[in-house]
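Reading through the structure tokens given below for one structure.
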Amino acid sequence: MKILQVIPFFTPKRGGAITILYDLANELSKKGHEVTILTTDYQYDEEYASGLTDVEIIIFKYDFQIGLFIYSPNYEKMGEK
């Protein structure tokens, strides 16, 4: 099964939702699912992301943020893991 997970930031500093997303993506990929995570480059933690094997991470450039509202209207792709 192909699974898409979307989160505005990808850093363990934020805890909660990112920890759940990380663990879920890891377990789903171990079970043979094709997992892709879409996120922005806001506080992106490349070292943390490298712990996910067999998970595609697509990073988009963000324009600005106010609190935890991260605005990325153009979805300009920054890179992939």
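The values are calculated or read from the model by the stated rules, or taken from the named source; none is laboratory data. These numbers come from a predicted model, not from an experiment. Positions of Cβ are backbone-derived with ideal geometry, glycine not excepted, and every protein chain shown enters the neighbour counts.
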- Task: Determine whether region 1-16 contains at least one residue that is outside any loop (DSSP other than H, G, I, E, B), modelled with pLDDT of 95 or more, touching a strand residue (DSSP E or B) at 6+ places or on another chain (Cβ under 9 Å) and loosely packed, with under 12 Cβ neighbours inside 10 Å.
- Result: yes
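Quick check on GLU34: is it surrounded by fewer than 18 Cβ atoms within 10 Å (Cβ to Cβ), over 23 Å from LEU68 (Cβ atoms), acidic (Asp, Glu) and touching a strand residue (DSSP E or B) at 6+ places or on another chain (Cβ under 6 Å)?
Working: surrounded by fewer than 18 Cβ atoms within 10 Å (Cβ to Cβ): yes; over 23 Å from LEU68 (Cβ atoms): yes; acidic (Asp, Glu): yes; touching a strand residue (DSSP E or B) at 6+ places or on another chain (Cβ under 6 Å): yes.
So GLU34 passes the test.
When you look at GLU27, is it acidic (Asp, Glu) and surrounded by 12 or more Cβ atoms within 10 Å (Cβ to Cβ), yes or no? Explain how you work it out, then say what you get.
On the way: acidic (Asp, Glu): yes; surrounded by 12 or more Cβ atoms within 10 Å (Cβ to Cβ): no.
For GLU27, the condition - acidic (Asp, Glu) and surrounded by 12 or more Cβ atoms within 10 Å (Cβ to Cβ) - is not met.
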- Item | First in region 7-26 and free of Cβ contacts under 8 Å to residues at least 12 places away in the same chain, second anywhere and surrounded by 15 or more Cβ atoms within 10 Å (Cβ to Cβ) and of a type in the set (A, V, I, L, M, F, W, C), Cβ under 8 Å, 6 or more apart | ALA17/ILE7; ILE18/ILE7; ILE18/PHE9; ILE18/PHE10
- Can ILE57 be described as of a type in the set (A, V, I, L, M), surrounded by 10 or more Cβ atoms within 10 Å (Cβ to Cβ) and at pLDDT 75 or above? yes
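Any residue in region 19-30 that is assigned to a loop (DSSP other than H, G, I, E, B) and not aliphatic (A, V, I, L, M)?
First, pick out the residues of region 19-30 that are assigned to a loop (DSSP other than H, G, I, E, B): none.
Scanning region 19-30 turns up no residue that is assigned to a loop (DSSP other than H, G, I, E, B) and not aliphatic (A, V, I, L, M).
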